[in-house]
Structures are given as C-alpha cells and as structure tokens.
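Note sheet for the following structure.
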Amino acid sequence: SHQSSVVLMMESKGGDADKNVRMFTDKLMTASGKPVCRYALGGAARSTQSEYLPLKYRDMLQNADDDTGAPFYFYYNPHRYPQFLSGVSQSFDDSTTRRDIFFASGGTERSPAALDQRLDDALAFCGGEYLDGFVLEYVCQDELDSDTQLGKELQNAIDHVQSYVRENRVRYVMASTHSHRVGRTLSGAASLDAIMLRYNMSHRKAAETISFPEVLENNIPVLAFTTTRWNGLQREASPAVTTADCITFALQQPAVEVVLHSARDEDELDDALLPLFACSDSTHWMSDSVYHDLCAYYGSDEMAWNDDGYDEYPDESR
C-alpha cells in the first residue's frame with residue numbers, strides 16, 4: 001500500500017526512539033492517482049523566490065528513493081510572485097505530466113464573479129484546464145451564524161466552488177482560517193475536503209484543544225501553515241530551532257497531513273525537506289527529551305510571543 005511504502009524511519013540522536021514521518025499522503029491525490037508530498041511548496045509574499053526553486057523541489061521528489069508521490073504547489077494571489085510562478089508553470093511538460101502534480105490556490109473573495117476570476121487567474125499557471133485544490137481563504141468568525149452553522153454568504157461561496165467540481169474545473173474544495181474555533185465549525189458544518197490551520201511550536205494549544213479533535217473525528221485532513229511563525233522561531237528562539245525542526249513538529253501531529261511552507265531559497269528548501277528524506281546525518285535531529293522541552297518552552301507565555309502581532313485570536317489559547 002502507499003501508506004506502508006512511504007513511511008521513512010527518521011533517526012534521532014541520543015538513542016531516542018526513531019521518528020516516523022510519512023513522505024506522502026493519500027488523503028490528497030493527483031489526477032493520475034499519485035499521493036501528494038506532505039511538504040507543499042508555496043509562494044512567499046515577503047521574499048523573492050527564484051524561478052528554479054519549484055523545479056528543484058520537483059526534481060528532489062523525483063529523485064527520491066520512493067518516487068511514487070507528487071509535488072504540491074500552493075500560491076495565493078498569482079500576481080505577487082512572478083518568478084516563483086514562472087517556475088511552477090514549467091514544472092510539467094504537457095497534459096499528461098500535469099496530471100502528476102497537485103496545484104492549489106484560491107482567494108478571499110466570496111462573490112461568485114470574484115471567485116470565478118480567482119479560478120481563472122490560478123488556472124493560467126497550471127495548464128488552464130483544472131485546479132486540484134481551490135481554497136476559500138481566511139474565513140473569519142463573523143462569517144459564521146453560530147458555533148455550528150455557517151453564514152449564508154460563506155455557504156453560498158462554498159456551494160459555488162462545489163459547482164467547479166461538478167464542472168471538472170476543481171478537484172478538491174478547501175478553506176483556510178486563522179481561528180481554530182472557525183476551523184472546528186468548518187470541519188463539522190461545511191462539505192470540505194481539507195482545512196488550512198495555523199500550527200507551530202509556539203501556537204499549538206488552541207489547535208490541539210479546539211480544532212484538531214474535530215477534524216480528526218470528521219476525518220478531514222489539515223494543511224498546516226505558519227509552522228515557522230513567519231521564521232520567528234528560527235530567528236528568536238534560544239536554544240535555536242531549524243526550519244526542519246519546525247516542519248517535523250507539525251508533521252508528527254496526527255491531524256496534520258500536509259505542511260504548507262514558503263522556502264525562500266534553495267538552502268531553506270533543503271532544510272525544510274529533511275524530515276521527509278531518510279537522512280543518515282543524525283545532527284539534523286534532536287533527542288526526544290530536548291524536542292519536547294523546546295515544544296513546551298515555545299508553547300508557554302515565557303517568550304511573550306503575542307507581542308509580534310502573529311496571533312489574531314489570542315483568546316483561543318487561554
């Protein structure tokens with residue numbers, strides 16, 4: 001099975017138990033039936049990514065020991081990072097190889113006309129025929145009628161994106177939110193194939209207590225984003241953590257199927273993909289005791305993380 005063939009045993013130093021990180025997930029599949037990589041490469045609005053970066057990501061997966069999985073590209077507004085999207089559009093040669101890659105995009109709009117425009121914009125970079133995943137981005141608390149019911153405008157938007165599926169222009173319907181209460185409601189009240197939710201070492205209590213139990217019960221895959229807290233964890237944490245540490249933390253969470261991450265350059269891409277490749281260099285891995293200590297430290301109030309304006313819903317973590 002895909003599940004058994006893509007489990008990689010990751011060595012941790014200090015004699016602790018090996019970490020199991022699945023390289024691919026069959027919760028999301030390409031049009032050709034390939035499971036997608038659990039690391040999705042996204043466009044970064046805060047930096048300039050090279051045209052070559054998406055191609056290197058594709059080639060690294062194709063050259064892996066188990067090359068049965070597919071690249072997963074994600075981009076928000078496609079007009080924000082032309083070099084990155086130039087590389088994305090070069091990642092396939094024809095309609096056949098296009099079926100072996102997973103593309104996701106979307107928009108914050110809710111009106112049918114604006115959603116149609118967003119879909120057309122996204123299709124321009126992935127072959128023009130279909131988008132694998134359409135994301136209704138940044139669903140807010142005021143778009144809900146109650147803790148168990150969606151507001152009319154949001155429900156109509158979801159229904160409209162579902163019409164793309166019937167037209168074979170979209171394959172998966174998704175939504176993103178910065179609120180874990182909204183994530184809990186979406187997992188129970190919306191007909192979604194996946195939900196994007198915040199999750200990292202310093203921002204986990206709300207996820208683990210509010211949204212993740214519900215998505216697990218409803219068997220809805222989570223696409224985790226901001227796993228490095230806008231790279232703040234690597235810059236400000238002491239003792240230091242790496243991008244690989246941040247990615248590993250999210251991938252080991254049972255609710256998380258995919259991590260969305262915008263590597264800024266080739267070095268950061270190499271670091272981000274370490275958890276998904278069987279690496280014999282144990283210096284890349286922390287002992288389990290240190291790992292859990294770090295998670296507890298960065299998840300506490302000791303660092304006063306909310307001073308960075310990251311958490312839009314700090315009340316959810318109380």
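Observations on the model:
- Within the full protein context, the accessible area of Asp193 is estimated at about 60 Å² for a probe radius of 1.4 Å.
- At the listed q of 0.08, 0.09, 0.16 Å⁻¹, the Debye profile of the range 50-200, built from one uniform point per Cα, gives log10 I(q)/I(0) equal to -0.24, -0.31, -0.89.
- Building the convex hull from the alpha-carbon atoms of the range 152-238 and averaging its projection over directions returns 6.5 nm².
- Max-minus-min Cα coordinates of the range 20-99 on each principal axis give 32, 32, 22 Å, with the largest extent listed first.
- Across the alpha-carbon set of the range 64-137, the Rg to Rh ratio works out to 0.99, Rh being the Kirkwood radius.
- Stretchable slack from Glu129 to Gln141, in nm (0.36 nm times residue separation minus alpha-carbon distance): 1.0 nm
- Under Stokes-Einstein, with the Kirkwood radius over Cα pairs as Rh, the value for the range 172-220 at 10 °C and 1.306 mPa s is 150 µm²/s.
- Compared with the direct C-alpha span, the chain from Glu167 to Glu153 gains 2.9 nm at full extension, assuming 0.36 nm per residue.
- Restraint check, Lys56/Lys205; Lys27/Lys56; Lys34/Lys205, Cα-Cα greater than 29 Å: Lys56/Lys205; Lys34/Lys205
The values are calculated or read from the model by the stated rules, or taken from the named source; none is laboratory data. This is a predicted model, so every value here is computed, not measured. Heads up: the accessible areas ignore ligands, DNA and RNA and are worked out on the full protein's heavy atoms, side chains in. Shrake-Rupley method; radii C 1.70, N 1.55, O 1.52, S 1.80 Å.
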